[in-house]
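S.K.: Pasting in a structure now, in structure tokens, and then I'll have a few things to ask.
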Amino acid sequence: MDTEKAKAPFTDWQVERINKFQESNACHPYTCMDAYCNRSKVPYGGRLIAKNEGLVCPCGKYTQDECNPFMIDYEDDMLE
Ligand SMILES: [Zn+2]
């Protein structure tokens, strides 16, 4: 099994795929890992938002520069 992580910077296509995955209920989404992040106060409960530079929290204090490849390379009907 391929355990290699997908690394930032992400392409626009990858960003779109990751966000679609994060917004679905297919899997628990990546959330902010910043100890000082008030996840109940930030949008989406600290769910990370993919951008070209990585996955960022709306709090602005946390960026994750990698994600699981299955969050990009998946079958669309898996998210239904
Ligand atoms: Zn945060």
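S.K.: As a test of the formula, what do you get for the chain when each DSSP H run with n ≥ 4 contributes -39,500 (n - 2.57) and the sum is divided by the residue count, at 222 nm and rounded to the nearest 500 deg cm²/dmol?
M.R.: Calculated at 222 nm, the ellipticity per residue is -4500 deg cm²/dmol.
S.K.: Less than 17 Å apart at the alpha-carbon level, and either on another chain or at least 8 residues along: which lysines does that give for Lys41?
M.R.: By straight Cα distance, Lys41 reaches Lys61.
S.K.: Still on this structure: What angle, in degrees between 0 and 90 and rounded to the nearest 10, separates the Cα long axis of helix 12-23 from the longest principal axis of the Cα atoms of the chain?
M.R.: Roughly 70 degrees, rounded to the nearest 10.
S.K.: Can you list the lysines whose alpha carbon sits under 21 Å from that of Lys5, skipping same-chain ones fewer than 8 residues off?
M.R.: Partners found: Lys20, Lys51.
S.K.: Ignoring ligands, DNA and RNA, what accessible area per residue does the chain give at 1.4 Å, in Å²?
M.R.: On the way: 5400 Å² over 80 residues.
Solvent-accessible surface per residue comes out at 67 Å².
S.K.: Pull up all non-local amide H partners of Glu66: gap of 5 or more, or a different chain, and H-to-H distance under 5 Å with H placed in the peptide plane.
M.R.: Result for Glu66 returns Ala8, Leu55.
S.K.: Largest first and in whole Å, give the semi-axes of the chain's equivalent ellipsoid, each being the square root of 5 times a Cα gyration tensor eigenvalue.
M.R.: 21, 14, 11
S.K.: A further question follows. Could you work out what % of the accessible surface of the chain is carbon and sulfur, using a 1.4 angstrom probe and leaving DNA, RNA and ligands out of the count?
M.R.: About 49 percent, which is the carbon plus sulfur part of the accessible surface.
S.K.: Grab the other residues whose beta carbon is less than 15 angstrom from that of Met78, score K and R as +1, D and E as -1, and report the net.
M.R.: With Lys, Arg at +1 and Asp, Glu at -1, the neighbours total -4.
S.K.: Using only alpha carbon pairs under 8 Å that are at least six residues apart, calculate the relative contact order of the chain and give it in whole percent.
M.R.: Values: 120 pairs, mean separation 30.6, N = 80.
Once normalised by length, the contact order is 38 percent.
S.K.: What is the local net charge at Lys7, summed over the other residues whose Cβ is closer than 12 Å to its Cβ (Lys, Arg +1; Asp, Glu -1)?
M.R.: Here the charged neighbours net out to -3.
The values are calculated or read from the model by the stated rules, or taken from the named source; none is laboratory data. What you see is a predicted model; the values in this text were computed from it and never measured. Reconstructed Cβ throughout: ideal geometry from the backbone, glycine too, with neighbour counts over all protein chains shown. Accessible surface is based on the protein model in full, side chains and every heavy atom, while ligands, DNA and RNA are left aside. Shrake-Rupley method; radii C 1.70, N 1.55, O 1.52, S 1.80 Å.
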